[in-house]
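The values are calculated or read from the model by the stated rules, or taken from the named source; none is laboratory data. Owing to the predicted nature of the structure, the values given are computational and were not obtained by experimental measurement. Cβ placement follows ideal geometry from the backbone for every residue including glycine, while neighbour counts extend to all protein chains displayed. The accessibility values were calculated without ligands, DNA or RNA, using every heavy atom of the protein model including side chains. Shrake-Rupley method; radii C 1.70, N 1.55, O 1.52, S 1.80 Å.
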Number of protein chains: 2
Amino acid sequence: MIRVLLADDETMIRAGVRAILAADPEIEVVAEAGDGREAIDLTLAHRPDVVLLDIRMPRLDGLAAIAELRRTAPGTGVLMLTTFGEDEYIARALGEGASGFLLKTGDPRELLAGIRAVAEGAAYLSPKVAHRVITELTGGRMSRTAAAREQIADLTPRERDVLVLVGAGLSNAQIARRLHLVEGTVKAHVSAILTRLGARNRVQAAILAYEAGLVDPAASGS
Amino acid sequence: MIRVLLADDETMIRAGVRAILAADPEIEVVAEAGDGREAIDLTLAHRPDVVLLDIRMPRLDGLAAIAELRRTAPGTGVLMLTTFGEDEYIARALGEGASGFLLKTGDPRELLAGIRAVAEGAAYLSPKVAHRVITELTGGRMSRTAAAREQIADLTPRERDVLVLVGAGLSNAQIARRLHLVEGTVKAHVSAILTRLGARNRVQAAILAYEAGLVDPAASGS
DNA sequence: GGGTTCCTCCCCCGTGCGGGGGAGGGGGTT
DNA sequence: AACCCCCTCCCCCGCACGGGGGAGGAACCC
């Protein structure tokens, strides 16, 4: 028997999910919450196997609730419920410790499959977002990264050297010392970089470098 | 009916998987391959819904096979089979386009659940590796992101507003117009941001904002 | 009431940034 | 040979940036 807690501020959604889950004899909804705070309290009281968590909720939103749930009830699986188009939260939610993602627009069978998977400790991503999420997670931000890489590809090698250091937050003088150049030369390179990348200032160039994966984050501090 | 292709160089594994899948009336093993090359040829010939792919195989290993499968048979779901301890391949396999991961030491029900999930287009990660993989994937930048988030957390709300625009590459004057402020006020905020974040210039602040997920990439161009 | 923090705005001032243009040498291609 | 691109360095110049310090009003807490 899989015990489920259902947290969503929209009662219609709760009713729908409850109806779907009622059809499965192995799944039992033990409690329902209307906001994040309540979801945490009821989780501690009922100790469900899986918490279905809406991302947007009053008082304490789903994203913040995950972190607290992972601390206070580490054995409980967290499955996020989301509306199509809220992709930007997915990576963060997974980072906070969510085990899966379901689209509210998805097939009822996905809901059951997702709950089963999470109850066993597995991770489950809803079909329509699975590929996007994986490429985003593994790629760093693949869609943007691709564009950034293309732009950076037609920089000269030396310009890329300079761009890396720009991306680390170094001044032209610091870059000059690092590359054994005169500051004027660095300025010339930076100007060339800006025009080639279509960036208006070094901050935008730095962001592009960062998106393309040129920046070694460990070096950002030095 | 879910059509499955089974690719593994060890016949014992194939026999075991076949036995498990035989118990499920909805799943049919349409072909078996002993190496990666064969797996690709048979996939093109039989067009299965899901390919179960061992990571280590002769001729063409599983990792290389994924990439080719994604190109030649994009509609086919790829589910990796792995022995415990091969974690380092997981991230790369997912990056290549695999939809899931199963441990050979796992419960038979995981195998069935994973195949069903992947057949529907969802992603499935085996229980014992799910958490590690997610933390590793998000962790690539999560470790830094966590630090960046903490630093940014103790900015005032208004300072975060400014930082977002700094991260988009806007000048102080542009930020002032956007926020209906005088440029001097923006400069005061930026100065405060730099000292609080320990950044030496706005580029480093922008990188921190970017790492913390504050920057909306769509806005970077304006 | 006094205290704090935040937000807003003001001053001055030094310097780093970014655009303009030019110039020389080296390494390619045609 | 002539050509083009890359890398290096030089000049000037205007402006944006970043640090310093101060100040008033609003909101909060003790």
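I need a count of the residues in the stretch A:157-185 that are more than 14 Å from chain B (Cβ to nearest Cβ) and either buried (at least 21 other Cβ atoms within 10 Å of the Cβ) or touching a residue at least 12 places away in the same chain (Cβ under 8 Å) (or both).
Of the residues in that region, 6 qualify.
What are the pairs with Cβ atoms under 7 angstrom where one residue, in the stretch A:1-28, is under 22 Å from A:GLY62 (Cα atoms) and the other, located anywhere, is outside any helix (DSSP H, G or I) and of a type in the set (Gly, Ala, Ser)? Sequence gap at least six, or different chains.
Taking only residues 6 or more apart or on different chains, the pairs are A:LEU5/A:ALA31; A:LEU5/A:ALA33; A:ALA7/A:ALA33; A:ASP9/A:GLY34.
Checking B:ASP61 against (1) crowded, with 17+ Cβ neighbours inside 10 Å; (2) modelled with pLDDT of 85 or more; (3) not β-branched (Val, Ile, Thr): exactly one of these is not met. Which one?
(2)
Picking from A:VAL17, A:VAL51, which residue would you name as being assigned to a strand (DSSP E or B) and among the aliphatic types (A, V, I, L, M)?
Exactly one of A:VAL17, A:VAL51 is assigned to a strand (DSSP E or B) and among the aliphatic types (A, V, I, L, M), namely A:VAL51.
Are there any pairs with C-beta distances below 6 angstrom linking a residue in the stretch A:98-120 that is closer than 14 Å to A:ASP54 by Cα and more than 7 Å from chain B (Cβ to nearest Cβ) to a residue that is among the β-branched types (Val, Ile, Thr) and surrounded by fewer than 20 Cβ atoms within 10 Å (Cβ to Cβ), with the two at least 6 apart or on different chains, and if so which?
Close Cβ pairs (under 6 Å, with a partner that is among the β-branched types (Val, Ile, Thr) and surrounded by fewer than 20 Cβ atoms within 10 Å (Cβ to Cβ)) amount to A:LYS104/A:THR83; A:LEU111/A:ILE20.
Residues in the stretch A:194-207 that are within 8 Å of another protein chain (Cβ to nearest Cβ) and more than 10 Å from DNA strand C (Cβ to nearest atom): how many?
Of the residues in the stretch A:194-207, 1 are within 8 Å of another protein chain (Cβ to nearest Cβ) and more than 10 Å from DNA strand C (Cβ to nearest atom).
Is it the case that the stretch B:73-81 has a residue that's at pLDDT below 75 and more than 8 Å from every other protein chain (Cβ to nearest Cβ)?
The answer is no; no qualifying residue exists.
For residues that are β-branched (Val, Ile, Thr), under 14 Å from A:PRO48 (Cβ atoms) and open to solvent by 20 Å² or more (accessible area, probe 1.4 Å), tally how many sit in the stretch A:1-37.
So the count comes out to 3.
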